[in-house]
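Below is one structure, written out as structure tokens, with a few remarks after it.
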Amino acid sequence: MDIVLGVDTLSYHCRLAAGEISLEDVLREIADLGFAFVQLNAVHVRDRDTAGLEGLRALADDVGLGITLSGDVVGRVGNGDTIDGGVDRITRWVALAETLGSPFARVSSGFYRAELFDEPGLIAAEQRYVTDTLRRAVDDVPGDVQILLENHSDFTADEYAEIIAGVGSHRVGVFLDLINPISSLQDPLPVITRLAPLAPSGHVKDFRLVSRYVEDRFHRRGFDVQWCYPGEGVADLTSLVGVLAGSAERAEPYRLSVEGLDNHPGVADQRERLAASLTFLRTLVTDVPAERGRRWTSA
């Protein structure tokens, strides 16, 4: 399967939030590094009017970047969210995707499985809520922009397959993060193998395991999982990306964006780390030209 590489603006989130870099300069840097597209997080364009959004789209076109859109949380039944509210949120993200020229709007549920491990009934309730909301959105949200639900450290692979089957529409698929399964204590490889046929796009990152010792270092209190850029950690990305690359050919390329969550205000390290990640990922995705990321045309 053909794969193109991009960058999620979450990689620059802390600097964007602090006003240290503009979204326009983020787009220029991503294009200059040789990526094919940028995944704009909706929070990073929330203050842009229609003219401002169209300006970003024009800039992306000028520098040779496609655009995809990442929305946010559909809702959480445990917080009292309603299906109507979830559909309203999806409607706004789909409209935003249309304005920006994104073929999809990525969304997520509102919980982390680690917080509900001992409450299987609550997990089942969240699954029903997401399924029912997405089913309604298919009928109520105008347009043909796809709605992609990210495996956001919440549901298992089987539960995701049940959600997609329960919605029963090609308009809804999975946004596949290659590493998130470890947050819910799952082996990523069988999860990715199961869900890849349902996903036209997704995230790639890496992780490190950091020991937390007692003061005299005689034993550990435990360890932390820390996200990092692709190629910096211990994830078996060769196998995970290999599942995608070995999948059946599709009409559109698979869009795989780097999610650099390890970012900080006042630390402008994205260019160096993204460049290294791009070099690393190109060894796994052999059909991405070395001289420049492949350009694709937005709708």
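The values are calculated or read from the model by the stated rules, or taken from the named source; none is laboratory data. Computed from a predicted structure; not experimentally measured. For neighbour counting, all protein chains shown are included, and Cβ atoms are generated from backbone atoms with ideal geometry for every residue, glycine included. To get the accessible areas, we keep the full protein, side chains included, count just its heavy atoms, and leave off ligands, DNA and RNA. Shrake-Rupley method; radii C 1.70, N 1.55, O 1.52, S 1.80 Å.
Below are the figures for this structure:
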| quantity | calculated |
| --- | --- |
| 14 Å beta-carbon shell around Tyr213, net charge (K/R +1, D/E -1) | +1 |
| Mean-position separation - Cα centroids, segment 1-21 and segment 22-66, in angstrom | 10 Å |
| Full-extension gain in nm, Glu20 to Glu162, via 0.36 nm per residue minus C-alpha separation | 46.8 nm |
| Computed E for Val234/Ala58 - FRET, C-beta separation, R0 45 angstrom, nearest 0.05 | 0.65 |
| Inter-label distance for His170 and Ala251, nm, one decimal - labels placed 7 Å from Cα along Cα-to-Cβ | 0.6 nm |
| Segment Arg136-Arg28, extension gain: residue separation times 0.36 nm, minus the distance between their alpha carbons | 35.1 nm |
| Note, ³J(HN,Hα) from phi for segment 97-109, Karplus 6.51, -1.76, 1.60, rounded to Hz, x at Gly and Pro | 4, 4, 5, 7, x, 7, x, 8, 10, 7, 9, 8, 6 |
| DSSP beta bridges in segment 154-289 [antiparallel fraction, %, rounded to 5] | 60 percent |
| Distance between modelled label sites at His264 and Phe117, nm, 7 Å Cα→Cβ extension | 2.9 nm |
| Using θ = phi - 60° and Karplus 6.51 cos²θ - 1.76 cosθ + 1.60, couplings along segment 199-211 (whole Hz; Gly, Pro as x) | 10, x, 6, x, 9, 9, 9, 9, 8, 10, 10, 10, 6 |
| Inter-label distance, nm, simple model (7 Å from Cα along the C-beta direction), Arg208/Ala276 | 1.0 nm |
| Cβ charges +1 (Lys, Arg) and -1 (Asp, Glu), total dipole of segment 47-163, debye | 120 debye |
| Using a Förster distance of 45 Å, the FRET efficiency for Arg128-Arg217 (Cβ separation, nearest 0.05) | 0.45 |
| Probe 1.4 Å, accessible area per residue of segment 1-72, Å² | 35 Å² |
| Positive-end residue of Gly168, Ala124, Leu185, charge dipole of the chain with Cβ unit charges | Leu185 |
